[in-house]
Amino acid sequence: MLDFFRNSLGVKVTAKLAVVLLALTAAAVAIVVVQQTRRYEQLMLEKARVVAALGARDYGDTLDAAVDSGIVTVADVFDRNYVPIKGFEWGSNPRFHTRYDVITDRLVLRFQDKFLEFDDFIFAVGVDENGYLPTHNTKFQKPLTGNPEVDKMGNRTKRIFNDPVGLAAAVNTEKSLLQIYKRDTGEVMWDVSSPITVKGKHWGGFRVALSMDRVSDGQRTLLLTLAAIFAGFVLITLGTMYIVVHGAMKPVVRLTEAAEQISLGEGLETPIKSETTDEIGHLTKAVDRLRASMKAAMSRLGH
């Protein structure tokens, strides 16, 4: 088998072409992957920006409607007197009530949860200008156990998230704000937020979180898909190249066999016909002239 690969010109030509093809394919894959991963990130971020803007609008409209209907007053909505929830004042994550959080529990939870039907998002919530989160998504409102480590992940509602990222999102008045957010659970995310206004006044921000791990998983899936496509392309191309080269080498193989016979003084009576006018055709004519010369020489020697 090794001798076949070592002695076959067709295999050698195919191998050299394969090296070039693989290098070009690898470069193409790298370029496509970089472009597509960037595009994927841009699409994900644009999706988050749209959701944050929609969430901010819906949140503000909901509080506006509650004020208009007399359920709460503007003063209630802008209440910043955070009253600790009795029994849950421990550690660094106490919980608080305000004059309006019962209203948000009833009115904003459904549309906030609706956004989480997109698996890309970790949370989608509104916070006031101090980072107070009156109503978290349902999946983060598990019953409090009194164990800070358990409740830190299972119940995150009615807390004040006044870390630098949380405060920046809360006070932001630009259309959209993108931040890298390292959650207190250790998870790293993209935090995209848009400002919430109530009765024309800035109230807080609507925050949407994208898990960078999930984005990386999406990029990894994209990479594997592209790699599989290009691998199939390379295999098919190499197979086709081998077939084409092998077919093109058949006349050379026949010439080689004829030359070996001539070198042994055999087959001198059989003309070697040229079927093409290319380089192989010229080589065929040259070998046939060599045959004729050998035949004439043998005749002169009396053989």
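The values are calculated or read from the model by the stated rules, or taken from the named source; none is laboratory data. What you are looking at is a predicted structure, and each value in this text was computed from that prediction instead of being measured. Note: ideal-geometry Cβ built from the backbone for every residue, glycine included; neighbour counts use all protein chains shown.
General observations
Let's see how each residue does on (1) surrounded by 12 or more Cβ atoms within 10 Å (Cβ to Cβ); (2) at pLDDT 75 or above:
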position: 214; (1), (2): yes, no
position: 218; (1), (2): yes, no
position: 222; (1), (2): yes, no
position: 225; (1), (2): no, yes
position: 231; (1), (2): yes, yes
position: 236; (1), (2): no, yes
position: 239; (1), (2): no, yes
position: 243; (1), (2): yes, yes
position: 248; (1), (2): yes, no
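- Residues in the range 167-212 that are modelled with pLDDT of 95 or more and in a helix (DSSP H, G or I): 167, 168, 169, 170, 171.
- Residues being surrounded by 14 or more Cβ atoms within 10 Å (Cβ to Cβ) and either among the charged types (D, E, K, R) or farther than 17 Å from residue 160 by Cα (or both) - total across the range 134-149: 1
- Scope the range 97-149; condition under 29 Å from the mean Cα position of the chain (by Cα), assigned to a helix (DSSP H, G or I) and not polar (S, T, N, Q); matching residues: 111, 113, 114, 115, 139, 140
- In the range 66-89, the residues that are without any contact (Cβ under 8 Å) to a residue 24 or more places away in the chain and surrounded by 11 or more Cβ atoms within 10 Å (Cβ to Cβ): 73, 79, 83, 84, 89
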